[in-house]
There are 2 protein chains.
Amino acid sequence: MEVENKYLAVKEYVHGQPSDSNFELKTAPLSFTLKEGSNQVIVKNFYVSIDPYQINRIKDYSSSQKAANFSSQLGLGQRVDAFGVGMVVASVNPEFKEDDLVAGLLGWEEYTVVHPGTILNKITDEFPLSYHVGVLGPSGLTAYAGFFDVCKPNKGDKVFVSAASGSVGNLVGQFAKLAGCYVVGCAGNKNKVDLLKEKLGFDDAFNYKEEADLKSALQRYFPDGIDIYFDNVGGEMLEAAVANMKAFGRVALCGVISEYTGTGRRAAPDMLDVVYKRITIRGFLAYDHLQIYDEYISTTSDHLRHGRLQVIEDISQGIENVPSAFAALFRGDNVGKKSVQLNENKRV
Amino acid sequence: MEVENKYLAVKEYVHGQPSDSNFELKTAPLSFTLKEGSNQVIVKNFYVSIDPYQINRIKDYSSSQKAANFSSQLGLGQRVDAFGVGMVVASVNPEFKEDDLVAGLLGWEEYTVVHPGTILNKITDEFPLSYHVGVLGPSGLTAYAGFFDVCKPNKGDKVFVSAASGSVGNLVGQFAKLAGCYVVGCAGNKNKVDLLKEKLGFDDAFNYKEEADLKSALQRYFPDGIDIYFDNVGGEMLEAAVANMKAFGRVALCGVISEYTGTGRRAAPDMLDVVYKRITIRGFLAYDHLQIYDEYISTTSDHLRHGRLQVIEDISQGIENVPSAFAALFRGDNVGKKSVQLNENKRV
């Protein structure tokens, strides 16, 4: 069997905000006949993950490009690899057989040829398949590892989360509530703020775009200071949070989206505060915390089964809409986990 | 007995660089007759410590002023409390008797009345008394705790120290060498650089004032990156170090002297580096690490006995020279531990 595989390739590097023009939708024939011994698997992709970090791979230069394989620069014309969920349609790998449901490093394309050594895990259909790019995928692990392993919360801690309605932030806030913390989130419009307070159980939330002075805003929401700041945005918000941290406060740096497009200015937190309040600012990547992967999956699945975690998803349709879905992330248009559904969760 | 006690009081708050005009030398009669039950002790001060952090106490406002007792703001007209070494000349405290040698929180004055609850420890004369404001005092504990407890060095780690000829920096570099690390320091003139390389055993050192681009300079000295940066200065040096850190690098923030006088700009390290290189930036204060105090004193004393640590001191004479000694710190004039000798180490 052979299909016409549609895939997205990098057309030109991003300067500032990404747009459709950075990508090109291409088509290439793909044969399902795999060479014995190659251990390859072909996956028909159902959902692909849309994540902010991809922007740093689609730049002339970013210091992040040397950090890890998943963050390496993409060449012009190269297909975009990305986390996804799908079904095995061909396999010469003894670990996978046709019709297996899988999640792993796939791509912004309808079918992916997965080479041995690439992350690919079998999954079940206990939960909606899209969960495996979100709450049960890298976003969930990032939130869980970042919050529990990096922030080391204590019951009663005052927790602040930025980009709190985003894929990671909304889960951090919910994990924090489940851990007995007091949680305030910020987001960029009223609907998101309402979602945080009304649906996700945040103790409070605010629209940062309506605050003239972020430092004063945080002082209002945390009159006694912040124990934990889970930072997804960097820039001025990071400065304001550091100014409002308590002694021995922990800042987990998950991402700095406000600095990715060059529109916001770089954070210059007051290092005098960092010294005297003995603050720890720590950058992390989820995949350094795989030792808690099993705990994360079992705990999170259990929360889902018992309705203790709300799953917020923002799903676009069709490979041709991946570029606009990606661009929308940087305008803050998404609510919850952004992904694109490529096929109708069917093998054929 | 009664003496005329000379002491320094704050005259006006510092704006920019400190100078003699920020202080006033005053005199007040002091009776050695203490009230029974008051548990007070009078110490004749031999050496008083001159430390950069004091500048933040002598400002209209600094975020550090709320952090800890020792860093609280000094009122106008108030005497300056400071670490020092001296001899007990009067005591109604059963733990101290006349002629005891002591180190603790004394002041920029010839005699200090020490109230119960204030840090005051008996010392011996095994080492020169001045060591107890330096290598065996707060500077030493800061270097030891900051390096071992905060930076968590491994043998072979590449260590960078700024203000490396200063009271803390020179000890960090020497501790790092004793721990089997590769150590490069920076300082502000050729004599200091020579001292680091020739007397203190640093693997290399450079004069940061001769470097047009600190980021490139560090790349030259650490072609494979920095594991540990012990930061005493903040500002551009912190940015340059973060850009040159290795994955999982640790930055111990001990002080940010370049930012104290408002002459340097605030550090805006690239937080994308912090995320992707999983860097930890951690502020600390020595007195949070008292659990290693005994280990620090015994290890350091042992190094001193065996000549494995060089002691670099810069001692001025006389209470009237404290303000100029303090101002000189911010011009980088001192080499090693700056202190002022107030009396001739004699009781009378």
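The values are calculated or read from the model by the stated rules, or taken from the named source; none is laboratory data. Please read all numbers here as calculations on a predicted model, not as lab measurements. Heads up, the Cβs are rebuilt from the backbone with ideal geometry, glycines too, and the neighbour counts pull from every protein chain shown.
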Among residues belonging to the range A:209-224 that are part of a loop (DSSP other than H, G, I, E, B) and of a type in the set (Asp, Glu), point out the one that is farthest from the other protein chains (Cβ to nearest Cβ). A:Glu211
I'm trying to understand the selection: among the residues of the range B:268-288, which are more than 7 Å from chain A (Cβ to nearest Cβ) and assigned to a helix (DSSP H, G or I)? B:Ala286, B:Tyr287
If a residue must be acidic (Asp, Glu), closer than 26 Å to B:Ser71 by Cα and more than 11 Å from chain A (Cβ to nearest Cβ), how many such residues does the range B:225-267 contain? 1
Which condition from (1) out of contact with any strand residue (DSSP E or B) (no Cβ under 8 Å at 6 or more places or on another chain); (2) crowded, with 24+ Cβ neighbours inside 10 Å; (3) in a helix (DSSP H, G or I) is the one that A:Glu239 breaks? (2)
Tell me which residues, restricted to the range A:206-247, are farther than 15 Å from A:Val183 by Cα and among the β-branched types (Val, Ile, Thr). A:Val233, A:Val242
Failed condition for A:Ser339, given (1) of a type outside the set (A, V, I, L, M); (2) over 22 Å from A:Val172 (Cα atoms); (3) buried (at least 16 other Cβ atoms within 10 Å of the Cβ), with all others met? (2)
Tell me which of these B:Phe206 doesn't satisfy, since it passes every other one: (1) within 20 Å of B:Ala145 (Cα to Cα); (2) not in a helix (DSSP H, G or I). (1)
Could you list, in sequence order, the residues of the range B:1-21 that are loosely packed, with under 15 Cβ neighbours inside 10 Å and closer than 17 Å to B:Phe330 by Cβ? B:Glu12, B:His15, B:Gly16, B:Gln17, B:Ser19, B:Ser21
Could you tell me whether the range A:89-102 includes any residue that is under 29 Å from B:Met271 (Cβ atoms) and hydrophobic (A, V, I, L, M, F, W, C)? no
Could you go through the range B:239-253 and let me know if any residue there is modelled with pLDDT of 95 or more, in contact with a helix residue (DSSP H, G or I) (Cβ under 6 Å, 6 or more places away or on another chain) and among the acidic types (Asp, Glu). no
Might you check whether a residue that is away from chain A (no Cβ under 14 Å), at pLDDT 95 or above and under 27 Å from B:Met245 (Cβ atoms) occurs anywhere in the range B:289-309? yes
Would you call B:Leu171 under 26 Å from B:Gly84 (Cβ atoms) and assigned by TED's automatic domain parsing to the domain that holds B:Tyr229? yes
Would it be correct to say that A:Asp194 is free of Cβ contacts under 8 Å to residues at least 24 places away in the same chain and in contact with a Phe, Trp or Tyr (Cβ under 8 Å, 6 or more places away or on another chain)? no
For the range A:164-199, the count of residues that are crowded, with 19+ Cβ neighbours inside 10 Å and of a type in the set (D, E, K, R) equals 1
